[in-house]
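The values are calculated or read from the model by the stated rules, or taken from the named source; none is laboratory data. Since the model is a prediction, treat every value here as computed from it, not as a measurement. Methodologically, a virtual Cβ is constructed for each residue, glycine included, from the backbone with ideal geometry; neighbour enumeration extends over all protein chains shown. Surface areas here come from the heavy atoms of the whole protein model, side chains and all, with no ligands, DNA or RNA. Shrake-Rupley method; radii C 1.70, N 1.55, O 1.52, S 1.80 Å.
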Amino acid sequence: MAATCGVPRSVTRVVSVARKVMNPGFSAVRVGAEQFPKMDPFLACDWFLMSKPTFPPHPHAGFSAVTMLLEDSENNFTNRDSHGDFSIIRPGDTHWTCAGSGIVHEEIPEKVGVPGHGLQLFVNLAPEHKTVPAKISKLQAKDTPIHTTPGGGRVRVIAGQTDEGRVASPINEDLFTKVTLLDVTLPPGATFSHEVPAGYNANAIVL
């Protein structure tokens with residue numbers, strides 16, 4: 001449940017989105033402004049499943065491309081870009097590419113034929129930040145803060161913080177777009193509540 005200044009917000013829209021298969025090695029469920037007009041500053045989110053290279057090296061500019069490899073992914077991914085970064089993204093890791101003025105990158109499964117899955121999020125940059133030099137922020141699974149809720153819920157804090165700053169992401173200072181990105185796992189019967197600042201949008205994607 002999301003709340004503003006302690007007042008619960010109402011859920012205004014619930015949608016189901018079908019998975020689309022692009023080729024035998026890649027499929028995705030995409031959520032964007034078409035489904036949720038109030039996603040800003042998030043432009044889109046893809047829940048992807050990839051088992052072989054699909055996209056050749058490609059450019060980005062004016063926003064951030066964020067890869068969250070889910071903890072139960074069976075495969076690692078490799079990321080390389082035109083600024084010289086080469087990284088292995090492992091299950092539970094987050095790779096945040098602030099494209100800024102421009103970058104070319106490629107992400108592919110480390111082992112061809114083994115499925116890996118995660119979220120790819122596209123986060124807008126404010127006009128004054130669209131031409132900053134590209135910047136890479138990395139958050140490994142072992143360094144991702146975890147907040148435990150009553151009832152056994154588990155909240156991984158990718159960006160932003162939980163209520164009152166009790167648990168904060170170590171990459172917050174690196175990010176030009178200040179967002180809260182939480183990976184929440186709840187056992188049956190458990191609940192999680194998070195206070196959303198006034199004027200902020202709130203969206204939940206259930207996998």
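Numbers for the structure displayed
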quantity	calculated
Two-site FRET efficiency, His83 against Val17, from Cβ-Cβ distance with R₀ of 41 Å, rounded to 0.05	0.80
Exposure of Lys20 as accessible area (Å², to 10), given a probe of 1.4 Å and all protein chains	150
Separation in nanometres of the label points that stand 7 Å from Cα toward Cβ, at Val7 and Leu70	3.6
Residue among Thr149, Thr12, Thr177 with the largest mean-square fluctuation in a Gaussian network model of the chain, springs linking Cα atoms under 10 Å	Thr12
Cα Rg over Rh - the range 1-154, Kirkwood	0.99
Ranked packing of 136-145, 51-60, most packed first, by mean Cβ within 10 Å	136-145, 51-60
Local electrostatic count, Ser169, Cβ distance below 10 Å [Lys/Arg +1, Asp/Glu -1]	-2
Pairwise label distance in nanometres, Gln35 with Leu207, each label 7 Å out on the Cα-Cβ vector	1.3
Accessible area per residue in Å² at 1.4 Å probe, computed on the chain	54
Inter-part distance where the range 128-200 and the range 17-62 are each reduced to a Cα centre, Å	21
Of all accessible heavy-atom area on the chain, the percent that carbon and sulfur account for (1.4 Å)	56
Phi-based couplings in Hz for the range 108-117 (Karplus 6.51, -1.76, 1.60; Gly and Pro marked x)	9, x, 5, 10, 5, x, 9, x, x, 9
